[in-house]
1. So Arg54 clears everything in (1) outside any helix (DSSP H, G or I); (2) among the basic types (Lys, Arg); (3) over 30 Å from Phe163 (Cβ atoms) except one condition, right? Which one?
2. Can you tell which of Gly124, Gly140 is assigned to a helix (DSSP H, G or I), more than 30 Å from Lys96 (Cβ to Cβ), at pLDDT 95 or above and not hydroxyl-bearing (Ser, Thr, Tyr)?
3. How many of the residues in segment 163-184 are part of a helix (DSSP H, G or I) and open to solvent by less than 30 Å² (accessible area, probe 1.4 Å)?
4. Given the criteria among the hydrophobic types (A, V, I, L, M, F, W, C) and either buried (at least 20 other Cβ atoms within 10 Å of the Cβ) or on the phi > 0 side of the Ramachandran plot (or both), does Val197 qualify?
5. Of the residues Phe98, Phe94, Phe69, only one is closer than 21 Å to Leu195 by Cα and aromatic (Phe, Trp, Tyr); which?
6. Quickly run through segment 216-258 and pick out the residues that are open to solvent by 50 Å² or more (accessible area, probe 1.4 Å) and either under 19 Å from Thr82 (Cβ atoms) or without any contact (Cβ under 8 Å) to a residue 12 or more places away in the chain (or both).
7. Among (1) within 30 Å of Leu22 (Cα to Cα); (2) without any contact (Cβ under 8 Å) to a residue 12 or more places away in the chain; (3) of a type outside the set (Phe, Trp, Tyr); (4) open to solvent by 50 Å² or more (accessible area, probe 1.4 Å), which single condition is Leu213 missing?
8. Count, please, the residues in segment 67-116 that happen to be free of Cβ contacts under 8 Å to residues at least 12 places away in the same chain and of a type in the set (Gly, Ala, Ser).
Amino acid sequence: MEPRSRSFYVLSVFFALFMLFLYGPTLTIGILSFQGEGGGLTFPMRGTSLHWFRELFEQQAVGDIWGSFRRSFILGLMVMVTTVVVSIMGGLAFRKKFPGSTILFYLIITALVIPSILISLGVGLMFSQAGWTVHWSTSGFGAQLTWTLPFGLLIMFAVFNRFNKSYEEAARDQGATAWQTIRHVVLPIIAPSLLGVALFGFTLSYDEFARTLLTSGSRNTLPLEIYGMTTNVTTPVLYALGTLTTIFSLLVIGTFIVITLGLARKRAKAGSDAGKGMV
């Protein structure tokens, strides 16, 4: 067996340090959330317990943890569904050139490079000047779409650039209408990519802080609530909340991965059955 080169070990150490830098803070918070009842916000730990997790489900003197979680979850679902629908429509529209398509494309990309806090400020001012109520489900929803839609559209552009149009042509040759072709041919083929867009939409919305800061009104989303708690909560209950929200995020990601793998197996099985039928 050929010995490893020195560069392999150097890169391995660099990768290990990178992973520690990336996940070290999350692991630290997870460990400190199991502090004993008399524990504080730093090491050394004073015993271990689930006390601070139980505290989360008690009446809190400060903040509205579960209300903000519910708002973030609902907002994430709203953004996810809208991002998926608009991304599909945009991807289909951009398959053919139309007047102004290039300008529209660059306008979409521009939303990614504008500082998030400026978008939040602009949307908040627009609602205030128009006399509309600033609320997480309206202004907050619109501000977050400026973040999720460009990602969803870029994914759809890449998907449709690689899409084999012969599938659609075969469906039309069999007498399928345009809607039947999209529903029974296009959507099943791009379903794994749509799950990726949905995951992007939900997680980007669920974790978004800057674009929601000035557009959520009087009701905080979870990131804003956690930020507010850092100024007045001095117990590991904050770490327990961080641990639970991290676990929730991982469960969401895991669910999407399982669904994607299930779709991949289903497609592979369908292809295998079709091959056997031809034989």
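1. (1)
2. After applying the criteria, what remains is Gly140.
3. 3
4. Against the criterion (among the hydrophobic types (A, V, I, L, M, F, W, C) and either buried (at least 20 other Cβ atoms within 10 Å of the Cβ) or on the phi > 0 side of the Ramachandran plot (or both)), Val197 qualifies.
5. Phe94
6. Those that are open to solvent by 50 Å² or more (accessible area, probe 1.4 Å) and either under 19 Å from Thr82 (Cβ atoms) or without any contact (Cβ under 8 Å) to a residue 12 or more places away in the chain (or both): Ser218, Thr230, Thr231, Ile247, Leu250, Leu251, Thr255, Ile257, Val258.
7. (2)
8. Matching residues across segment 67-116 total 3.
The values are calculated or read from the model by the stated rules, or taken from the named source; none is laboratory data. Quantities reported herein were computed from a predicted structural model and do not represent experimental measurements. Reconstructed Cβ throughout: ideal geometry from the backbone, glycine too, with neighbour counts over all protein chains shown. Remember, those area values only see protein heavy atoms, side chains included, never the ligands or the DNA or RNA. Shrake-Rupley method; radii C 1.70, N 1.55, O 1.52, S 1.80 Å.
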